[in-house]
Amino acid sequence: MKRYWILKIIVLSALAILALSAVVMLLWNWLVPSLFNGPSISFGQALGLLVLSKILFSSLGRGRWSGGYSARKRTWKRRFEEKWHNMTPEERDKFKTTMKQHCSKWGWMPSASTPKNRKEPV
């Protein structure tokens with residue numbers, strides 16, 4: 001049963017790549033020659049264009065959006081939570097104060113000394 005699913009995924013992936021190549025070829029040949037006086041491309045060139053764009057814009061699965069970023073974020077968050085739980089209440093207060101001082105410079109967190117620019121209701 002598992003073999004059929006794997007075979008089905010491979011066939012559907014190949015069909016999707018072929019269909020996407022055909023769409024790229026049709027769109028290119030419809031737009032580029034009339035807009036930019038560029039050349040028409042063949043199906044193989046459209047497939048090559050897709051592969052090239054994959055290499056240039058997504059780094060073949062090692063890019064930011066391929067899971068590496070979220071894994072690093074989870075690791076950082078886990079480490080921070082471990083440190084936070086190991087801090088004493090005094091260390092936590094000191095950390096919060098330091099963060100408020102640093103982040104209020106850029107307007108992320110209002111500090112206690114920042115004057116309020118709101119008008120009081122009459």
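The values are calculated or read from the model by the stated rules, or taken from the named source; none is laboratory data. These numbers come from a predicted model, not from an experiment. No Cβ is skipped: glycine too gets one built from the backbone with ideal geometry, and neighbour counts run over all protein chains shown. When the accessible area is computed, the model is the full protein with side chains, heavy atoms only, and any ligands, DNA or RNA have been set aside. Shrake-Rupley method; radii C 1.70, N 1.55, O 1.52, S 1.80 Å.
The listed residues are LEU49, LEU15, LEU7, LEU31, and the only one of them that is modelled with pLDDT of 85 or more and in contact with a helix residue (DSSP H, G or I) (Cβ under 7 Å, 6 or more places away or on another chain) turns out to be LEU49. Checked across the range 87-96, the condition of being modelled with pLDDT of 90 or more and open to solvent by 100 Å² or more (accessible area, probe 1.4 Å) holds for at least one residue.
If you take the residues of the range 30-53 that are assigned to a loop (DSSP other than H, G, I, E, B) and within 18 Å of ALA19 (Cβ to Cβ), which of them is least open to solvent (accessible area, probe 1.4 Å)? Residue satisfying both the conditions and the ranking: ILE41.
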